[in-house]
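Notes follow once the structure below has been shown.
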There are 2 protein chains.
Amino acid sequence: MRIALAQINYHIGDFEGNVSKIKAAIQEGKKQLADVVVFAELAVCGYPPRDFLEFDDFIRKCYTSIESIAEECRDIAAIVGSPSINPAEKGKPLYNSAFFLSEGKIQSISNKTLLPNYDVFDEYRYFEPNRQPYHVIEYKKYRFAITICEDLWTTFDNPLYIRNPMEDLSKLNPDLIINISASPFHYEQETVRKDVLTRTAKIYGIPLFYVNHVGAQTELLFDGASLVISPDGSIFDELNYFGEDLRVYNLNDFLYKQQKEEIRDKTSKPRIELIHDALVMGIRDYFLKMGFPKAILGLSGGIDSAVTLVLAARALGSEHVKAVLLPSKFSSEHSVRDAIELADNLNVSHDIISIEEAFQIFENTLSPIFKGLSFNLTEENLQARIRAVILMALSNKFGYILLNTSNKSEIAVGYGTLYGDMCGGISVVGDLYKTQVYEMAQFINRKKEIIPANTMIKPPSAELRPGQKDSDSLPEYKILDQILYRYIEQRKGPNDLIKEGFDEATVRKVLKLVNTNEYKRFQTPPILRISPKAFGMGRRMPIVARYLS
Amino acid sequence: MRIALAQINYHIGDFEGNVSKIKAAIQEGKKQLADVVVFAELAVCGYPPRDFLEFDDFIRKCYTSIESIAEECRDIAAIVGSPSINPAEKGKPLYNSAFFLSEGKIQSISNKTLLPNYDVFDEYRYFEPNRQPYHVIEYKKYRFAITICEDLWTTFDNPLYIRNPMEDLSKLNPDLIINISASPFHYEQETVRKDVLTRTAKIYGIPLFYVNHVGAQTELLFDGASLVISPDGSIFDELNYFGEDLRVYNLNDFLYKQQKEEIRDKTSKPRIELIHDALVMGIRDYFLKMGFPKAILGLSGGIDSAVTLVLAARALGSEHVKAVLLPSKFSSEHSVRDAIELADNLNVSHDIISIEEAFQIFENTLSPIFKGLSFNLTEENLQARIRAVILMALSNKFGYILLNTSNKSEIAVGYGTLYGDMCGGISVVGDLYKTQVYEMAQFINRKKEIIPANTMIKPPSAELRPGQKDSDSLPEYKILDQILYRYIEQRKGPNDLIKEGFDEATVRKVLKLVNTNEYKRFQTPPILRISPKAFGMGRRMPIVARYLS
């Protein structure tokens, strides 16, 4: 029994493209003498299809795709993820299914039992959980236990579900476990995934084949890293991270012998490198899938736009990125110098456009109404918004897409200007706290200085009034980020934080800032997600709430 | 048995405020000799609390609130909605519950079985469905069947759920049905609600008391309209629409006699009037709950900003609204005249700020880069963005909150400028198609001309280039809105639409515009929801998708 794992970058709703990739993989599987090729969860339509699942036309196209793929399955079988229609009178109209295809047709459909509905997941919105008795698929004398992603995620003290599909499936004496997945990356996901899958294989004493998506769907970054686990719970093989892959395994040759020496025990990459690679893929796929040719961003001389520019240049190529310096009278000379130096280091072309004249004109225009009121936050925001107007004009005129350069710390506390520096098509470092942005800069500079040293060491400043520093308005980032992490990622309350030793006034101020700035975050771009709790679809908060505020 | 229904405007997370309103209602109930006061679903924390439910601190505050309310229940009982902790080892950590309070303590907890997880609802994200056997509450010799909102929504051929809680509860011989709800308004909801509730009461032959939320929580508008249904399925009474209310009913005196003559058979208001009232409440509550003192908007002389201004003046009072005219060289004279006339009709103060000078300066600033490229969409967007910069500067300086004036048709097809006219804290008419905006204008003008006739009859135009009309870029709104309604509200596909007789090229163009403008909608303000399918939390679409695009 030769099993091929096809780890593919799908595009949501692009049935033609997805089917053509799937068929090519089946042909490649044939060439490599595979008996069956395994594809990911909801492969035909891409993941997550979201409310497109409510359109009959969309579901019809899923079925047409499956039928067309089945045609390709002659002398080879395929396991392909797709929605399927629930034939029962009651319950939601769809299942999240794995289709077993061979001899030119659909042989069997297995439905997902455990539907994740937390964080970024909404599967219970669309799908009925499987309530039928489980079945194994018999193919060429092997018995396949087919599971879909979350179905295996309940095995170990996980309190979320009351059922455990593998417990039932194991009673049917399967020879191997298949798990087709759509499991997005975050920096702790690799550890969790390997723990769950290796323990599962070991408990049931049979090999496990896990196929994940790879590629980005807007904010969700799929790392791939599909796995083959031996019956003894050791990792037999791991597919590419952040790239497509197809590999074929012979059950008899390898897995039952438990040849330890065959196990390629890979050393995991450092977390910051995984995040780096994830973000580069995220930018690249966003532009590719949206059909956008090139990026633009405002380069301030600060650390956030510096890191964003490096990642964008790596994702799109220097020639497809434009940096714009937009100095005002409050911009320090070194900021302009640092920005130019970085652009030159990266071979990225830059323009310098002063916002001074526009700022003066707005001041004139508004002076009859503002009469004699003093410079305050209004004028600071005005500068940020003039920059956005210029960047968006360049975007409109030349087809650049604006990259947002806000970091997670400032997004959290609302330290940014709506319709100003909070603009952009996609936020690149919006899931990195400020201290993580510095860590990324150090990682980027680990071999040679790409980001100027001065950008790394100067105190963070928005440079919107004379001598301004972030620390005038906010706690030091070292403290701020610790509080934010405990509140956002760990969902700790004010009392927990105070007990841990954080200053009470600071805690209350920070939590209030986070909660009262929900209205700003509502209108910001999608954020490439690298943490277990990113702003966006995975964190849903009411705007008018009055809680810790 | 005297039952009080307390229809209250809660504020999410404002435990102190909510508890104080609940206690006041219990005292009022006592005064009116009620035996039990019934409050809405998740009353203590407000609805929807969203991811605050993931914070232990938030749940602790719910319990503290319930205990404090229980203290108030001496010689009177209360039924109050609150999350409760699931004591089981497996399953999600919370239930959505009704607490029965009397004699100073919690007597019983009933858990919700059917958890809506469609459209704007995410309840399965947080709550475990009840899987325990049902129980009735005995109080003063009456047997209460307590249900929570959706629990009753499965009775009639509703294919979403496989269980029917009332079917089981009815076997326990209850004397009456209580339903505590959080059922937001849309223009078809009243009909559905009355149908479900009257049929339920009739089937089981016992009275039904239904208590809903009232008031707005950002985009969700709760109309109240709590109901008392007689055992014969007729409507015995209906509480206020769009306002708080408390009424007391005596089971013996009224309900069992089925005195038809007692039934106040109310004529429903016309749909457009309900929408009008819902939007006025939506604006008012947004400002009240956010603590914002006053509103500002750009008044163009067109229909969208005209209707928005009228609704805002009604919600907040003319003296709390500021209109700003921002003419350019492309603004027609009549537009300025119409705008001033409307402001004067409403007694709303206005400023006129020309954007011409700022526009020229940006043209100068950009001219070295744009060198000789001709006027196009870039310059159109530039004007819209300059307007936003000025409006936001006034907002920042004086504490006005900007009202967004986009309508559903233009939001659907992306006919608007991101960071320009798509700005604002809240979108007022964003769930009204352009043709519905006209209908609203006619309703506003039904007694006397408030919106100038010229605003109503002139062809819609963005006035961003000479002689521009919306119909240069888009199908006539009469056609466009019909296509949009079928695609957005009815989820019909292109083939369905073409079969219905719409022009194929138009259909494909419109659907493509809707799908490819998801990225713009992602960054727009929350939209007051009045339809069964509004843009926002109830319609979740992938951004990078390639479907019908």
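Applying the Karplus relation 6.51 cos²θ - 1.76 cosθ + 1.60 with θ = phi - 60° to region A:384-394 yields 3J(HN,Hα) values of 4, 6, 4, 4, 5, 4, 5, 4, 6, 5, 5 Hz, where x marks Gly and Pro. Against chain A, whose longest principal axis comes from its Cα atoms, helix A:333-346 is set at around 30 degrees.
In this structure, the amide hydrogen of residue B:402, modeled 1.01 Å from its nitrogen in the peptide plane, lies closer than 5 angstrom to those of B:296, B:425, counting only residues at least 5 positions away or on a different chain. Fully extending the segment from residue A:320 to residue A:549, taken as 0.36 nm per residue of separation minus the present Cα-Cα distance, adds 78.1 nm. Modelled label positions at residue A:24 and residue A:56, each set 7 Å beyond Cα in the direction of Cβ, lie 3.5 nm from each other. Extension gain for residue A:192 to residue A:162 (0.36 nm times residue separation, less C-alpha to C-alpha distance): 8.8 nm. Distance between the 7 Å Cα→Cβ label points at residue A:351 and residue B:453: 4.9 nm.
Applying 1/(1 + (r/R0)^6) with R0 = 35 Å to the Cβ-Cβ distance of residue B:75 and residue B:232 gives a FRET efficiency near 0.60.
Here is how far apart the residue B:133 label points are across copies: 2.8 nm, shortest first, using a point 7 Å from Cα toward Cβ. Straight-line reach from residue B:140: which aspartates and glutamates fall under 14 Å, measuring Cα to Cα and dropping same-chain residues less than 8 apart? Answer for residue B:140, where 14 Å is the Cα cut-off: B:35, B:75, B:103, B:175, listed by chain and number. For chain A, the longest principal axis of the alpha carbon atoms and the long axis of helix A:434-444 meet at an angle near 70°.
FRET efficiency for the pair residue B:33 and residue B:68, taken as 1/(1 + (r/R0)^6) with r the Cβ-Cβ distance and R0 = 22 Å, rounds to 0.40.
For region B:2-255, rounded, prolate or oblate, judged on the Cα gyration tensor with a ≥ b ≥ c (square roots of eigenvalues), a/c < 1.5 rounded, else prolate if a/b > b/c?
rounded
Using the Karplus relation 6.51 cos²θ - 1.76 cosθ + 1.60 with θ = phi - 60°, the per-residue 3J(HN,Hα) values for region A:238-246 come to 9, 7, 3, 8, 6, x, 5, 6, 8 Hz, with x marking Gly and Pro. Between the helical axis of A:189-204 and the longest alpha-carbon principal axis of chain A there is an angle of about 20 degrees. Karplus-derived 3J(HN,Hα) values for region B:285-295, using 6.51 cos²θ - 1.76 cosθ + 1.60 with θ = phi - 60°, are 5, 4, 5, 4, 6, 7, x, 8, x, 7, 10 Hz; glycine and proline are entered as x. The overall shape of region A:274-522 is oblate: from the C-alpha gyration tensor, with semi-axes ordered a ≥ b ≥ c, the ratio a/c is 1.5 or greater and a/b is no larger than b/c. Each other copy places its own label point for residue A:446 at 6.9 nm from this one, sorted shortest first, where the point lies 7 Å along the Cα-to-beta carbon line. Each label point was placed 7 Å from the Cα along the Cα-to-Cβ direction; for residue A:131 and residue B:369 their separation is 5.9 nm. For the pair region A:356-403 / region B:411-451, the C-alpha centres are spaced 27 Å from each other. For residue A:38, nonlocal amide neighbours, meaning residues 5 or more places apart or on other chains whose placed amide H falls under 5 Å from its own, are A:4, A:5, A:6, A:79. Between the beta carbons of residue B:85 and residue B:503, assuming R0 = 56 Å, the FRET efficiency works out to 0.45 to the nearest 0.05. Past 32 Å, Cα to Cα, is the threshold; run B:90/B:492; B:322/B:469; A:202/A:269; A:289/A:329; A:458/A:509 against it and keep the listed order. From the list (B:90/B:492; B:322/B:469; A:202/A:269; A:289/A:329; A:458/A:509), the Cα-Cα distance tops 32 Å for B:90/B:492; A:289/A:329.
Under 5 Å between amide hydrogens, built in the peptide plane, is the criterion, and for residue B:351 it picks out B:323, B:324, B:325 among residues at least 5 positions away or on other chains.
Inter-copy label distances at residue A:466, using a point 7 Å along Cα-to-Cβ, come to 4.7 nm with the shortest given first.
Fully extending the segment from residue A:252 to residue A:268, taken as 0.36 nm per residue of separation minus the present Cα-Cα distance, adds 3.0 nm.
Any read-out appearing in this document is the output of simple, stated calculations on the displayed coordinates, not a laboratory observation. Keep in mind that what you see is a predicted model, and the values were worked out from it rather than measured. Positions of Cβ are generated from backbone atoms using ideal geometry, with glycine treated the same way; all protein chains shown enter the neighbour counts.
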